[in-house]
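To start, the structure under review is shown below, and the notes come after it.
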Amino acid sequence: YPPERIRNFSIIAHIDHGKSTLADRLLELTGVISKTGKNKQVLDKLKVERERGITVKAQSASMFYEHNGQKYLINLIDTPGHVDFSYEVSRSLAACQGTILLVDAAQGIQAQTVANFYLAFGEGLEVIPILNKVDLPTAEPERTAKQIESAFEIEANTVLHVSAKSGLGIDHVLPSVIEKIPPPNGSIDKPFKALLFDTWYDKYVGVISLMAIKDGSVKKGDRIVSMYSNTKYEVAEVGIMHPEPMATTSLQVGQVGYITCNMRSVSEAHVGDTFYKEKEPVEALPGFVPAKSMVFSGVFPIDADEFDRLDESIQKLTLNDSSVSVHKETSAALGQGWRLGFLGTLHMDVFRQRLEEEYNANVLITAPTVPYQVKYRDGSTTFIRTPADFPGAGTMQDFVECTMEPYVSATLIFPEQYLGPMLDLCTTHRGEIQNHTFIDESRVMVKCRLPMADIVTDFFDKLKSRSQGFGSFDYEEGGYDTSDLVKMEVLLNGEPVDALAAVMHRSNVVNTGREMARRLKEVIRRQLFDINIQTAANGKVVARETVKQLRKNVTARCYGGDVTRKMKLLNKQKEGKKRMKKFGKVELPQEAFLTIMAKS
Ligand code: GTP
């Protein structure tokens with residue numbers, strides 16, 4: 001296929017707007033997967049895998065399609081949908097020339113629709129807006145098309161209407177892709193140059209990398225070089241995803257396909273990297289920066305004997321996810337563990353869940369924290385990923401020039417009646433409202449700058465509850481700003497507990513300090529002696545609470561004979577035991593480490 005008969009596109013959408021369903025319909029239409037019950041199984045299998053975080057890739061596939069008597073090779077490139085992965089979204093977008101912007105006609109434009117549109121627009125891609133779910137009785141296609149017109153300046157009457165579920169209008173999608181999206185440019189005569197935009201680990205073949213071939217061609221046996229690491233590899237196999245890997249003799253300019261070579265782990269395959277052939281150097285493709293961890297958490301085994309097993313599990317999990325950063329960490333309170341860095345909180349939750357479910361790990365996780373920067377008067381700067389490492393009052397006064405924290409540029413979309421609560425939500429999280437506009441008669445879009453630290457806590461939950469589920473939210477990184485930060489310490493019976501330390505803005509010290517002490521009192525179970533809890537900032541105590549000593553028998557209060565209640569209580573106690581860590585004589589449950597996350 002010459003480039004003029006190739007189209008590379010992706011589908012971008014807000015979560016649940018029907019991206020996977022549309023992809024499935026297109027793959028059926030082109031016979032890549034069939035419509036019979038058997039295929040359903042294929043899809044189900046993919047879905048399960050996707051839930052386990054493996055196949056976010058399985059939806060990248062090549063299709064053959066005839067249009068106006070010409071045969072086309074059409075590559076659908078999967079993009080991760082969630083904001084945590086926006087760097088990877090923009091890399092996947094760099095592998096295509098156009099994108100379908102899919103919008104649920106019943107829900108209308110949501111924050112992720114807007115964020116994804118701008119990513120695509122920024123990449124210079126042709127955007128084809130499509131309204132999905134027009135079969136729903138609650139669908140409002142005209143209104144949604146108008147929103148698209150006002151938000152993105154795309155004429156409402158050019159917007160396709162489809163139902164990915166029933167198949168209505170699906171026939172128009174690929175013709176539109178062929179007509180509107182330009183073919184890839186590049187030349188077969190130039191030296192081979194490819195963009196690596198996705199990668200995963202297969203236990204039989206090893207690392208598989210998806211690449212977009214920008215110039216030239218590549219085949220088995222070629223020696224290729226990573227621009228980022230300058231490492232040389234020998235190509236073992238090339239092919240296309242159909243939807244499973246299918247070997248071909250070569251991959252040529254304009255195509256998108258997979259390459260396997262002698263890479264040992266996915267940490268060698270950097271999304272965004274440029275590859276070229278040995279002795280045929282090329283210029284790097286633009287914009288490669290390694291994915292940055294924005295949320296850090298400490299992970300510790302409940303039982304120190306499990307350290308080695310946990311170490312192995314973490315290594316295995318990161319084999320397939322090179323965007324998790326791993327450093328060993330030692331805490332006076334919790335012992336040996338790791339400090340893991342994630343792209344965002346969803347990324348962190350998925351990792352934790354897999355660690356617990358797939359590897360049966362019993363771990364204690366500290367509250368998520370963002371990377372702070374401390375600038376010293378001698379001109380040096382350090383990144384703080386562990387709150388306990390943040391300078392205390394003395395060092396601050398004597399050596400520190402300023403402290404900085406990361407910000408995000410956020411987009412919120414919600415019905416007009418929630419304007420008050422939404423603006424309030426932003427300002428109470430130290431947000432700076434940049435503007436608010438109406439995207440139709442009754443929907444508002446707010447742009448605001450927020451400290452990242454404030455959104456890794458409970459911002460999203462509050463947004464959902466205060467807008468009764470109608471608000472949506474997305475963000476992108478917004479750089480660092482100077483900020484008046486303070487370390488909050490927690491002392492139990494006079495001893496500081498490093499793993500409970502937190503960094504916060506000075507304006508939050510009093511409220512959060514009180515709240516932390518109050519919540520700790522709630523979650524620390526009574527023991528055979530009094531436990532004094534203190535929170536302190538800059539060496540000054542902010543709040544005190546006491547957990548009074550305990551009577552000995554948990555079941556003593558149960559009325560005799562009620563066995564089920566007694567069992568329930570005992571089981572509850574057992575549950576509780578699972579996630580306890582002894583600090584001195586005090587037992588700290590998992591919840592204690594998350595007390596700083598929730599704001600009053
Ligand atoms: P994520 O992968 O979670 O981001 O979701 P997605 O955007 O891929 O959405 P998915 O295809 O999983 O669809 C979400 C839900 O919408 C599913 O329950 C689909 O069955 C449903 N859905 C998708 N398209 C249509 C449609 O055209 N009409 C109706 N009524 N439902 C649809």
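Okay, here's what the table says:
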item: Relative packing of 236-243, 428-435, which averages over residues the other C-beta atoms within 10 Å, highest first; result: 236-243, 428-435
item: Segment 464-520: C-alpha gyration tensor shape, a/c 1.5 cut-off, then a/b vs b/c; result: oblate
item: Computed FRET value (nearest 0.05) for GLN417 with ARG544, which takes r as the C-beta separation and R₀ as 41 Å; result: 0.45
item: Over 29 Å between alpha carbons, listed pairs LYS133/LYS292; LYS71/LYS190; LYS190/LYS220; LYS328/LYS464; LYS19/LYS447; LYS190/LYS292; result: LYS133/LYS292; LYS328/LYS464; LYS190/LYS292
item: Sites GLN315 and GLU237, calculated FRET efficiency, Cβ-Cβ separation with R0 30 Å, nearest 0.05; result: 0.70
item: Coil-residue trypsin sites (Lys or Arg not before Pro) of segment 252-293, DSSP, other Cβ within 10 Å capped at 13; result: ARG264, LYS279, LYS292
item: Rg and Dmax of the chain, Cα atoms only, in Å; result: 26.8, 87
item: Amide hydrogen neighbours beyond the local backbone of CYS261, cut-off 5 Å, H modeled; result: ALA236
item: Highest to lowest packing among 514-524, 9-19, scored as the average C-beta count within 10 Å; result: 9-19, 514-524
item: Accessible-area composition of the chain, carbon plus sulfur, in percent [1.4 Å probe]; result: 49
item: Computed label-point distance, nm, for sites ASN493 and ARG143 using a 7 Å Cα→Cβ extension; result: 6.2
item: For GLY478, distant residues with modelled amide H under 5 Å away; result: TYR407, VAL408, SER409
item: GLU522 paired with LYS375, simple spin-label distance in nm, labels 7 Å along Cα-to-beta-carbon; result: 3.9
item: Heavy atoms of ARG339: accessible area, 1.4 Å probe, square angstrom to 10; result: 10
item: Helix-only [θ]222 nm of the chain, DSSP H runs n ≥ 4, -39500 (n - 2.57) each, per residue, nearest 500; result: -8000 deg cm²/dmol
item: Per-peptide average of other Cβ atoms within 10 Å, ordering 65-72, 367-374 highest first; result: 367-374, 65-72
item: Accessible area (Å², per residue) of the chain, counting only protein heavy atoms and a probe of 1.4 Å; result: 46
item: Theoretical FRET efficiency, 1/(1+(r/R0)^6), r = Cβ-Cβ of HIS67 and PHE383, R0 41 Å, to 0.05; result: 0.20
item: Global geometry of segment 202-337, whether rounded, prolate or oblate, following the gyration tensor of its Cα atoms and the 1.5 cut on a/c; result: prolate
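The values are calculated or read from the model by the stated rules, or taken from the named source; none is laboratory data. The shown structure was predicted, so the numbers you read here are calculated from the model rather than taken from an experiment. No Cβ is skipped: glycine too gets one built from the backbone with ideal geometry, and neighbour counts run over all protein chains shown. Heavy atoms of the whole protein, side chains included, go into the accessibility calculation; ligands, DNA and RNA do not. Shrake-Rupley method; radii C 1.70, N 1.55, O 1.52, S 1.80 Å.
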